[in-house]
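See structure below.
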Amino acid sequence: MPTERATGRVALFATCLTDTFFPDTARAVVRLLERLGCSVEFPQDQTCCGQMHFNTGYRAKAVPLARNVASVFAGYDAVVVPSGSCAGMVRHVYPDLSVTPGPVYELSEFLIDVLGIEDVGAYFPHRVTYHPTCHSLRMLGVGDKPLRLLRAVRGLDLVELPAAESCCGFGGTFALKNADVSSAMLADKMSCVLDTGADVLTAGDNSCLMHMGGGLSRLQAGVHPVHLAEILASTEEEPWVTPLATR
Amino acid sequence: MGDTARNPVTWLGSPAFPTAAKTALADDQLRRNLKHATGLIRTKRAGAVAELPDWEQLRLSGEAIKDDVLANLDTYLLRFEESVAARGGTVHWARDAAEANEIVLRLAREAGADEVVKIKSMATMEIGLNEALQAGGVTPIETDLAELIVQLGNDRPSHILVPAIHRNRTEIRDIFKAAMPGTEDLTDEPVELAAAARAFLRRKFLSAKVAVSGANFGVAETGSVVVVESEGNGRMCLTLPETLITVMGIEKLVPTWQDLEVFLQLLPRSSTAERMNPYTSVWTGVTPGDGPRDFHLVLVDNGRTDTLASTVGRQALRCIRCSACLNVCPVYERTGGQAYGSVYPGPIGAILAPQLGGDMHDKHAASLPFASSLCGACFEVCPVRIDIPSVLVHLRAKAVEAKPKYSPEAIGMAAMSWVMAGPRRFRAAQRLAVAGRLLSRGGRIRGLPFPGSKWTDSRDLPAPAKESFSAWWKRTRG
Ligand code: SF4
């Protein structure tokens, strides 16, 4: 069994979306990190990183949220975020808002760069395709880290997603402000996903997965959107279970 | 005209982007054409760029040179003006579109021309020169093939590099047949189309007394002007007529010939995915007995010094108009260029047009910075490393500032910020959100009233979880 790792104090930043809509992802992060020997804290006063406000042009309204994040997570040696987008916001935008963030890591970065683990001991017997979300790909530059983690998962059949690096069309309020363009982008992404024959679509961001999942659900495509953390947390003893129609 | 204060960089009467995009999206043929064309050039560009091991280094140099130019623009412009004058050229300064148009029209008339040939003229499209010339009794003839197609079709450009990217060859044949005498039997074979254009243009080249050109670069140290192109028509315009008038944005300078070397590598690979463009023409002042007898350079500001004043936004002036950002943009790929309502479409258009236009109270201009999912593909390919997403967000803030303070969106954003800045308020809101499950079936929400319908028209929305993660943590661990 892994022993206590020398990672210092690790905090989970669940993000407002995951906390409210996708608690399974946050629970998976905790389970995974604890399995790998970290002890994880969840500061209760965390809320939202402020990205939606900032990206929609409400810069001043993002500032109190950024300050809250900075103060809630002050003093931790690592803050783990299961979202490339929110991690990118904290790391690359907070300095512009004159907020100094602590060391924030997107999940795959934390596993590979900090813990130095690629094989997290997961088991996931499904056909999976991976969509690199724009912000984890380009803003954070996580590169192939999520793929390296996925390749090491036992039982997992990884199939390449055509045009993987094309945006899914979410883009926060873009999905509402330019709903028609966003839907057209989503439709193309959906057809690429269906082409793979995968039964699970994964990514490192629940926001994009919510968008793509919304499209898959409308198509009744039978492809499940599953956050990377939930795949990595799945083991033979405690496997991921296909969600039923009701949650 | 009543509208003289308006900067023509955005087309008068253009609807806001979402509306224009909806129309474009409905055109299946357009979407197929664009998908094919942008997909092809995207792959080719990636290949051409991958050949150079020092590409990142070149991008950094390109960025640094342009930043130096922008930081010392006054100095370089004066040096440029001096060098041009020393070689027998005449420099004219134009604060805005109206001034620039007046200068060109006056020069054309003084040269006794009722027709001018044109090449590489983004800047002249920006200021609406063709319309101004026409109003003044001078007929402009575009000589770039794609621009000619746009002009003869009474159309508007839709791409920086391939202005007629939205037209297929059958449409082009019909345009030619209608506008060129002696083309009754024209087919839509590309070779025939090219030959028809060639015959048409030859006559124009040989008769025109005046040419109007744009410029890709101006070299400050020698007063040289550079045009890169693929067809060679530019070279005809630059050498045959007696008078050459070059219209150039003030930001197009590079300090020295050595700096030019960087851009002559960055530009062709980024724009046409070629190692080197087929024609590179450089001209410096006038040379007795060779080329034009008169050379006039019109340096156009038209919103550029205002753009320079913004520390975030000024990087848009580094743009070398390669169009790489258009070709990778998922929004452009689906809507085409005309939806942007400006000669500058795509990601660069979304940050350049509103800045040059300078009026965020204009609904159309204010919609452009939102025409992006902020996916960042444009920044990734930009040869001069313009951080387009950051400029978009910066301009979104400007657009919000120009809106009424109490718009529904502003109130909603303020309320959400207030709730989320207070952790206890946020937890309370989360508990309330669970009520949203009432709208759902099987954890999915399939239809919401407006504005939520903008989401649910094409995708489902998950219902909030029965128990949030934080509630779970508190219950089990807290
Ligand atoms: S912004 Fe960059 S990529 Fe786009 S046209 Fe200009 S130089 Fe090219």
Pick from the range A:45-86, criterion at the interface with chain B (Cβ under 9 Å from one of its Cβ atoms) and within 30 Å of A:GLY116 (Cβ to Cβ), ranking: most open to solvent (accessible area, probe 1.4 Å): A:VAL72
Flag for A:ARG148 being away from chain B (no Cβ under 14 Å) and outside any loop (DSSP other than H, G, I, E, B): yes
Residue count, the range B:347-362 (criterion: within 13 Å of chain A (Cβ to nearest Cβ) and within 8 Å of the ligand (Cβ to nearest atom)): 1
Meets criteria (surrounded by fewer than 24 Cβ atoms within 10 Å (Cβ to Cβ), among the acidic types (Asp, Glu), modelled with pLDDT under 95 and on the phi < 0 side of the Ramachandran plot) for B:ASP290: yes
Residue that is facing chain B (nearest Cβ under 8 Å) and out of contact with any helix residue (DSSP H, G or I) (no Cβ under 7 Å at 6 or more places or on another chain), where the choices are A:GLY213, A:GLY143: A:GLY213
Extreme residue, surrounded by the most Cβ atoms within 10 Å (Cβ to Cβ), among residues of the range B:428-446 that are among the charged types (D, E, K, R) and more than 8 Å from chain A (Cβ to nearest Cβ): B:ARG437
Breaking point among (1) of a type in the set (S, T, N, Q); (2) without any contact (Cβ under 8 Å) to a residue 12 or more places away in the chain; (3) away from chain A (no Cβ under 14 Å), for B:SER417: (3)
Spans of helices (runs of 4 or more DSSP H) in the range A:176-246 with at least 3 residues touching a Pro at 6+ places or on another chain (Cβ under 8 Å) and over 22 Å from A:HIS135 (Cβ atoms): A:179-196
Filter result (open to solvent by 50 Å² or more (accessible area, probe 1.4 Å) and not in a helix (DSSP H, G or I)) within the range B:218-237: B:GLU221, B:SER230, B:GLU231
A:SER207 being touching an Asp or Glu at 6+ places or on another chain (Cβ under 6 Å), open to solvent by less than 40 Å² (accessible area, probe 1.4 Å), within 13 Å of chain B (Cβ to nearest Cβ) and more than 18 Å from B:ARG334 (Cα to Cα): no
Unmet criterion (only one of (1) part of a loop (DSSP other than H, G, I, E, B); (2) in contact (Cβ under 8 Å) with a residue 40 or more places away in the chain; (3) surrounded by 22 or more Cβ atoms within 10 Å (Cβ to Cβ)) for A:CYS167: (2)
Single residue of the range A:221-239 satisfying the filter (farther than 17 Å from A:LEU147 by Cα and touching a strand residue (DSSP E or B) at 6+ places or on another chain (Cβ under 7 Å)) that is surrounded by the most Cβ atoms within 10 Å (Cβ to Cβ): A:VAL223
Every residue from the range B:376-394 that is within 14 Å of the ligand (Cβ to nearest atom) and not β-branched (Val, Ile, Thr): B:GLY376, B:ALA377, B:CYS378, B:PHE379, B:GLU380, B:CYS382, B:PRO383, B:ARG385, B:ASP387, B:PRO389, B:SER390, B:LEU392
Residue selected from the range A:162-185 under the condition facing another protein chain (nearest Cβ under 7 Å) and within 18 Å of the chain's Cα centre (by Cα), by the criterion farthest from B:GLU409 (Cα to Cα): A:SER166
Number of the condition not met by A:SER39 [criteria: (1) closer than 18 Å to B:PHE469 by Cβ; (2) at the interface with another protein chain (Cβ under 10 Å from one of its Cβ atoms)]: (2)
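Quick grid of which residues meet (1) touching a helix residue (DSSP H, G or I) at 6+ places or on another chain (Cβ under 8 Å); (2) closer than 26 Å to B:LEU25 by Cβ; (3) more than 13 Å from the ligand (Cβ to nearest atom); (4) outside any loop (DSSP other than H, G, I, E, B):
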residue	(1), (2), (3), (4)
B:HIS296	yes, no, yes, yes
B:LEU299	yes, no, yes, yes
B:ASN302	yes, no, yes, no
B:ASP306	yes, no, yes, yes
B:THR311	no, no, yes, no
B:LEU317	yes, no, no, yes
B:ILE320	yes, no, no, no
B:ASN327	yes, yes, no, yes
B:ARG334	yes, yes, yes, yes
Meets criteria (surrounded by fewer than 21 Cβ atoms within 10 Å (Cβ to Cβ) and basic (Lys, Arg)) for A:ARG218: yes
Among the candidates B:ALA196, B:ALA215, B:ALA273, residue that is free of Cβ contacts under 8 Å to residues at least 40 places away in the same chain and either surrounded by fewer than 23 Cβ atoms within 10 Å (Cβ to Cβ) or within 16 Å of the ligand (Cβ to nearest atom) (or both): B:ALA196
Inter-residue pairs, beta-carbon under 6 Å, first closer than 18 Å to A:ASN178 by Cα and in the range B:373-387, second surrounded by fewer than 24 Cβ atoms within 10 Å (Cβ to Cβ) and polar (S, T, N, Q), 6+ apart: none
Residue pairs meeting the criteria (Cβ under 6 Å; at least 6 apart or on separate chains; first within 14 Å of another protein chain (Cβ to nearest Cβ), in the range B:156-169; second within 14 Å of the ligand (Cβ to nearest atom)): none
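The values are calculated or read from the model by the stated rules, or taken from the named source; none is laboratory data. This is a predicted model, so every value here is computed, not measured. Using ideal geometry, Cβ is built from the backbone for each residue, glycine included, and neighbour counts are taken over all protein chains shown. We work out accessible area using only protein heavy atoms, side chains counted, and drop any ligands, DNA or RNA first. Shrake-Rupley method; radii C 1.70, N 1.55, O 1.52, S 1.80 Å.
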